[in-house]
Amino acid sequence: MGELRLMKGNEVIAEAAIRCGCDGYFGYPITPQSEVMETLMAREPWDETGMVVLQAESEVASINMVYGAAGSGKKVMTSSSSPGISLMAEGISYIAGAELPCVIVNVQRGGPGLGTIQPSQADYFQSTKGGGHGDYKLIVLAPASVQEMNDFVELAFQLAFKYRNPAMILSDGAIGQMMEKVELSDFQPRLTAEEIKARYGSWATTGKTADRDYNIVTSLEMDSAKMEHNNLRFQEKYRTMEEEEVRYEMIECDDADYVLVAFGSSARICQKSVDIARAKGLKVGLLRPITLFPFPKKSIAELAKRVKGFLTVEMNAGQMIEDVQLAVGCSGNNVPVKHFGRMGGIIPTPGEVAEALEQKLIGG
Amino acid sequence: MTEEIIIAGFGGQGVLSMGKILAYSGVMQGQEVTWFPSYGPEMRGGTANVSVILSDSRISSPILHEFDTAIILNQQSMNKFEKAVKPGGVLLYDPHGIVHPPTRTDINIYKIEGTKIAADMGNVKTFNMVVLGAYLKAKPVVKMESIRKGLEKSLPERHHKLIPLNLQAIEAGVDHLEVVQKV
């Protein structure tokens, strides 16, 4: 068993990065995620593992530092909160276009614009449908506990390197700011220059050798035929992710008549709403997508064949509901799909969700 | 066993750290815990609150709309959280600065003169530990041994010399809990 601690989600992201052998973190402070860099700076990992921690002059600079370092085959990451992620969007698109691995943590706050510093899930579209320009996808993991803030750092890096694609941990201010008991991962050493060369030398800028051509890291391709070919390759990669990397959790869905669909902190709230509904004799379950891309559409389509309806619960005006509707549409059984959400940094309570379930779905 | 608690008062009263010590004590005795703070532009003098859940099983929602216990340390929090105590639950408050005492008849109400006791002890900063002691007398959810370990874990090493003073404040709270109403 790993080391047990009581920590904030944001602190755990930092500790997990050090422990998984991360080579570098480049960031810029913004509430509610500033504890990530604060913890890294306090831990001084450069003495312990050689990890670089750098406060850049802006979010734009930090994502481009990530781009450069990722191009050399290093395990690098950044973190920010919603407005900061918008600033990074251009860089993220370039990294996806150049097919480089990296981890981006978004501890979401309410928007649009500068919005509020309170929790939100209104960046679902931005994270899963692009955010930057061009046809690209991020691998998006949605932690629902402080423990998953630990576990998903290494998982995100594994997936990012497996597919040479940026991976995002889409958290929110609630998970970032709360403390829970967490079992920290064991320390893994950082890869040596030789190991990076052996593993990633085929694409990374590890130094040209006589037996191979130059590795050029770029998203630019002036020949449209080649650029289309690149796009087709990206799309094939995204289809493979959809086949192989879908992760989700089902809670009390076996006999459920109605299913709540929620991710991240909303899913935690919904677990209690399920208990409240069940205590009233209502057969309610919860499906929690863990990967938002790839989305668990097959499992939702399967459920749609035997349940009476779905309620998506999101801290936004209704974003994931579109993916649930698409999945239900594919099932051939057009059961109702409703949405309940709070916005602008308001967190719904378990009681509110249970009430919405009865009003919007069961009664309706 | 699951205990869902809200601790609410002014920033600077030690509301968040009381919650943290309680949560760490739960970890020390093998429980699942969550500590969920109000965060934002709060500062000394503004309102601050934290909900803490201690449980023997997996905790679902860290966000709650009703509580087993409310520890209330100013009037604004009384106005906000008296109604959020579950029927049969516990409300513990410090009467200092409370103009409108609680009026509910379906909950257990306790009082602790935390402000006064801490001042009498000569260290007003131990106020939150006096209140914690009173809470543990009303509801012994964690063992005193776990509290001692929780203090060791949550206080930085350079403050460990203050642990005996904190334990003394907790004891004072245990000794001075007043029962207002039992249901």
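The fraction of all Cα pairs in chain B landing in successive 5 Å bins from 0 to the largest distance is 1, 9, 18, 23, 23, 17, 8, 2, 0, 0, given as whole percents.
With contacts defined as alpha carbon pairs under 8 Å and 6 or more residues apart, what's the relative contact order of chain A in percent? Write down the numbers at each step before the final one.
Values: 800 pairs, mean separation 65.4, N = 364.
That works out to 18 percent.
Taking A:211, A:135, A:275 in turn, the Gaussian network model of chain A (Cα-Cα springs below 10 Å) assigns the largest fluctuation to A:211.
Can you give the FRET efficiency for residue A:330 and residue A:355, using 1/(1 + (r/R0)^6), R0 = 45 Å, r = Cβ-Cβ distance, to the nearest 0.05? Don't skip to the answer; put the middle values down first.
Details: r = 30 Å, r/R0 = 0.67.
So the FRET efficiency works out to roughly 0.90.
Pull out a ≥ b ≥ c, the square roots of the eigenvalues of the alpha-carbon gyration tensor of the range A:4-183, then state rounded if a/c is under 1.5, prolate if not and a/b is larger than b/c, and oblate in the remaining case. The partial results should precede the final answer.
Numbers: a/c = 1.41, a/b = 1.08, b/c = 1.31.
Since a/c stays below 1.5, the shape of the range A:4-183 is classed as rounded.
Based only on other Cβ atoms within 10 Å, what is the fewest-to-most ordering of A:248, A:94? Please report the intermediate quantities before stating the final value.
Values: A:248 18, A:94 22.
Least crowded to most crowded, the residues run A:248, A:94.
With θ taken as phi - 60° and the Karplus curve 6.51 cos²θ - 1.76 cosθ + 1.60 applied, the whole-hertz 3J(HN,Hα) list for the range B:120-133 is 4, 6, x, 8, 5, 5, 7, 3, 5, 6, 4, 5, 4, x Hz, x standing for glycine and proline. Among the lysines of the range A:226-309, pairs at least eight places apart or on separate chains and with Cα atoms under 20 Å apart come to 11. As a proxy for reagent exposure, ranking A:72, B:55 by other Cβ atoms within 10 Å from fewest up yields B:55, A:72.
The mean count of C-beta atoms from other chains within 10 Å of the C-beta of residues in A:272-279, rounded to a whole number, is 2. Convex hull of alpha carbon positions in the range A:248-362: directionally averaged projected area 6.1 nm².
The angle between the Cα long axis of helix A:224-244 and the main principal axis of chain A comes to about 50°, on a 0 to 90 degree scale.
Bridges between two residues of chain A, per DSSP, are antiparallel at a rate of about 25%. The modelled label-to-label distance between residue A:210 and residue A:56, using points 7 Å beyond Cα along the C-beta direction, is 3.9 nm. With the simple spin-label model, which puts each label point 7 Å out from Cα in the Cβ direction, the residue A:162 to residue B:80 separation comes to 4.3 nm. Calculated [222 nm] ellipticity per residue, helices only, for chain B: -10500 deg cm²/dmol; basis is -39500 (n - 2.57) per DSSP H run with n ≥ 4, divided by all residues, nearest 500. The relative contact order of the range A:95-226, computed from alpha carbon pairs under 8 Å that lie at least 6 residues apart in sequence, is 29 percent.
For residue B:93, the residues whose modelled amide H falls within less than 5 Å of its own, excluding neighbours fewer than 5 places apart on the same chain, are B:72, B:110, B:111, B:112. Shape analysis of the protein assembly as shown based on the Cα gyration tensor places the equivalent ellipsoid semi-axes at 44, 30, 18 Å, largest first. Under 5 Å between amide hydrogens, built in the peptide plane, is the criterion, and for residue B:67 it picks out B:85, B:86 among residues at least 5 positions away or on other chains. Here the range A:142-249 is described by how far its Cα atoms reach on the three principal axes: 51, 33, 24 Å, from widest to narrowest.
Count charges around residue B:83 for me, please; just the other residues with Cβ under 12 Å from its Cβ, Lys/Arg as +1, Asp/Glu as -1. Intermediate results must be reported in sequence, preceding the final value.
Working: positive: B:80, B:86, B:104; negative: B:66, B:82, B:106.
Net local charge, residue B:83 excluded: 0.
Rounded to the nearest 10 degrees, the angle from helix A:9-19 to the longest Cα principal axis of chain A is 40 degrees.
Which whole-number percentage describes the relative contact order of the range B:2-181, with Cα contacts under 8 Å and a sequence gap of 6 or more? Kindly include the intermediate steps, with their values, before the conclusion.
Values: 370 pairs, mean separation 42.7, N = 180.
With pairs under 8 Å counted, the relative contact order is 24 percent.
Rounding to the nearest 10 and keeping the result within 0 to 90°, find how far the Cα-based axis of helix A:320-331 lies from the longest principal axis of chain A. For helix A:320-331, the angle is close to 70 degrees.
Every number here is computed from the coordinates shown, using simple stated rules; none is lab data. All of these numbers come straight from a predicted model, not from anything done at the bench. Cβ atoms come from the backbone with ideal geometry, glycine included; neighbour counts cover every protein chain shown.
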